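Asks: Dumping the structure here so I can ask a few things about it.
The values are calculated or read from the model by the stated rules, or taken from the named source; none is laboratory data. Predicted model, so just to flag it, every value in this text is computed and none were measured. So basically every Cβ, Gly included, is an ideal-geometry build from the backbone, and we count neighbours across all protein chains shown. Areas reflect the complete protein model, heavy atoms only, side chains present, ligands, DNA and RNA absent. Shrake-Rupley method; radii C 1.70, N 1.55, O 1.52, S 1.80 Å.
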Amino acid sequence: MMMGELFSPAKNEQKYAKVGILGFQGSGKTYTATLFAIGLLDIHFKLTGEKAKAAFFDTENGSDFVAPMFEHAGYELIVARSRAFVDLKRAFDMAKKSGAEVM
């Protein structure tokens, strides 16, 4: 039986996680996303032995609140402050080029 175009041999490929967090103002969305990002950076460090950085596209100065959390965890946080969608699109490429493993 041939596998055809629908199936292919299994292989390990790295993919991106796309996570959406929804909630009211002040409900802890940024805080929760920060804990999630730090957890991913911890896993990356345990698997590779390399410290990676996080990128934050900040539309409301939330990075001011969470920057100490990244510092305490031992990870660099880089920030782009903008509200423009066109900047968000560019930010993904820039974050990847800068070595950020989490955005």
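Asks: Those residues that are within 19 Å of K18 (Cβ to Cβ), of a type in the set (S, T, N, Q) and open to solvent by 40 Å² or more (accessible area, probe 1.4 Å), I need them from segment 33-81; list them, please.
Replies: The answer is T59, and nothing else.
Asks: Is it fair to say E101 is open to solvent by 30 Å² or more (accessible area, probe 1.4 Å) and under 12 Å from the mean Cα position of the chain (by Cα)?
Replies: yes
Asks: So which residues in segment 11-32 are surrounded by 11 or more Cβ atoms within 10 Å (Cβ to Cβ) and closer than 16 Å to V102 by Cβ?
Replies: Result: I21, K29, T30, Y31, T32.
Asks: Now for a different question. Select from segment 82-95 the residues that are touching a residue at least 12 places away in the same chain (Cβ under 8 Å), open to solvent by 40 Å² or more (accessible area, probe 1.4 Å) and closer than 20 Å to A17 by Cα and list them in ascending order.
Replies: L88, M94
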